[in-house]
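Below is one structure, written out as structure tokens; comments come after it.
The values are calculated or read from the model by the stated rules, or taken from the named source; none is laboratory data. What you are looking at is a predicted structure, and each value in this text was computed from that prediction instead of being measured. Note: ideal-geometry Cβ built from the backbone for every residue, glycine included; neighbour counts use all protein chains shown. Accessible surface is based on the protein model in full, side chains and every heavy atom, while ligands, DNA and RNA are left aside. Shrake-Rupley method; radii C 1.70, N 1.55, O 1.52, S 1.80 Å.
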Amino acid sequence: MENSTEIVFFLQGLNDTKSNKYTYFVITLLVYLFTILVNVTLIVTIILNRMLHEPMFIFVCNLCVNGIFGVSTFYPKILEDLSSDVSVISYKACLAQMFGIYNYVFCEITTLAVMAYDRYIAICKPLNYHSIITPRKVVQLLIFTWLSSIIESIVVVGLVARLSLCRFNIEKLYCTAWAVVKLACVDTIVNNIYGSILMVCHVSEALVIFVSYVNIVKVSVRSPEDRSKFMQTCLPHLISLANFSVAVVFDIMYARYGSYTSLHALRNFMSLEYLLVPPILNPLIYGLKMNQIRQRIFRICSRKRDALK
């Protein structure tokens, strides 16, 4: 695309917040710092305690790392926009943000699928768990999660970068492929086909998760011990999955078929929900629900409190 370095996009999502920008800036900054804090706390807790070096906790740690990556692609830019009079983003910065957000989304859903697979083996095939979920398998699953997400995101950005644009107003708070594709003045059928392929792939992952949990529930009702294991390790995962899936599906469907002339507040909230809520919700529900993590965090906090006395 010629002269791409000279292109500037105008982000329209903050048009309704001009009178309260500084209030929103303070709230956004506090939420960002809190999100980083809770995720780093859980990551450090898992890393420093050898008792937590198990596949389930490693995948939780990966979820938190991805959460930090995801919010860091959004918050710095929105804080910059809230502190200025005009919300603009350069062409290259838009593509970079697009890559970061899509990589976060793809990595999140793939990590949740991997965690569902891990829980299925742990509950439905407990005797074979350590022979199936080996340290090598854990590393392979982590590499697959990040590598597949990065490749998918690179292709998304590459397909968008080849388009010639006729308009430069993005009707969102941040850059997405679909928002930029709408500005193109050339045929976008290749982008649409690739988007449909990605949708089929990740819906398939959702089906894998669904089938895994159907089998997990069948096994869990057999005994109080299995029900307890389900409530402690699987319920947080289901909450994370439901919250993330509903928000992503709403944003995709609204981007494709919704009207940009109505429901501004709802549109903005739902377009942000999958970026803002999971990175806060995941460390909180896993930290509070899983006994091993909760006990370790409380023990660390009590030691620090005693050291300050």
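See the values below:
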| quantity | calculated |
| --- | --- |
| Accessible-area value, PHE74, 1.4 Å probe, nucleic acids and ligands omitted, Å² | 10 |
| Carbon/sulfur fraction of accessible area - the stretch 1-147, other protein chains in place, 1.4 Å, % | 66 |
| Interchain or long-range residues, amide H under 5 Å from ILE170's placed H | PHE10, LEU11, GLN12 |
| Peptides ranked, highest mean first, by Cβ atoms within 10 Å: ranges 130-137, 174-181, 152-159 | 174-181, 152-159, 130-137 |
| Karplus 3J(HN,Hα) series, Hz, for the stretch 114-128 with 6.51 cos²θ - 1.76 cosθ + 1.60 (x for Gly, Pro) | 4, 5, 5, 4, 4, 5, 4, 5, 5, 9, 8, 9, x, 6, 9 |
| Highest-first arrangement of 116-124, 98-106, 238-246, where packing means the average Cβ count within 10 Å | 98-106, 116-124, 238-246 |
